Amino acid sequence: MRSLVMLLLAFGLTASGCGPAASTSPPPRRGQAMAPSDNRIKLAVLPVESDAFPRAAAAINDLLRDVHVRGVDDYFMSKVALEVVQLSIECVEQTTACYSAVGKSLTAQRLLLAQIAPAGTRKRDKSLRVTITLFDVDAGAAANVADRTYKNEVEAMQGVSELLDQAVKPRASSARAAK
């Protein structure tokens with residue numbers, strides 16, 4: 001739906017004569033006034049899915065919807081999980097190169113993603129590992145990663161808020177570098 005709106009907007013600008021002039025000549029004053037918006041940092045929040053731990057996934061997604069990250073200007077919640085975006089761009093490895101490609105495909109400078117995996121090796125073991133990553137697309141590296149293993153889904157639902165805070169809080173070294 002969003003791409004349809006963008007396509008219609010682009011068509012409208014082209015039809016009115018604004019489209020080609022902006023791309024072939026220096027931008028007019030109006031474009032220069034809008035230039036700071038080009039420098040805005042956009043965060044794509046990717047929902048997590050888990051068939052094994054659906055309640056924990058729902059709790060994490062609820063928290064992700066209301067997240068605030070320092071230095072980020074615009075937020076949007078992706079309609080699909082990381083795996084779906086990766087399939088669409090044919091890059092399914094869990095590597096920094098693939099995460100950068102995901103961010104670029106979503107036109108975001110930062111990604112916030114969570115992953116849930118079983119932690120135990122036994123069938124009756126209900127422990128799970130939750131990893132939340134704040135990824136810097138431009139740098140091609142994780143800006144921060146918070147990782148914790150919980151005994152069960154209920155414990156994860158209670159503790160994931162603290163884990164998310166750890167993931168989005170700037171590291172001490174990053175905070176010093178920014179000053």
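Only the coordinates and a few stated rules stand behind these numbers; no lab work does. Predicted model, so just to flag it, every value in this text is computed and none were measured. When we count neighbours, we look across all protein chains shown, and the Cβ atoms used for this are built from the backbone with ideal geometry, even at glycine.
With N set to the residue count of the range 83-162, report its C-alpha Rg divided by 2.2 N^0.38 Å to two decimal places. Please list the in-between numbers first.
Numbers: Rg = 14.5 Å, N = 80, 2.2 N^0.38 = 11.6 Å.
Relative to the rule-of-thumb radius for its length, the range 83-162 sits at 1.24.
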Quiz item: Can you list the lysines whose alpha carbon sits under 25 Å from that of K126, skipping same-chain ones fewer than 8 residues off?
Solution: K151
Quiz item: Between the range 55-93 and the range 110-142, what's the alpha-carbon centroid distance in Å?
Solution: 12
Practice problem: Any lysines with Cα under 22 Å of the K169 Cα? List them, leaving off those in the same chain fewer than 8 positions away. | Solution: K42, K179
Quiz item: Once Rh for the range 46-179 is found with the Kirkwood sum over Cα pairs, what is the Stokes-Einstein diffusion coefficient at 37 °C and 0.692 mPa s, in µm²/s?
Solution: 213
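If each residue's Cβ is checked for other Cβ atoms within 10 Å, how do I60, I41 rank with the fewest at the top?
On the way: I60 25, I41 16.
Going from sparsest to densest Cβ surroundings: I41, I60.
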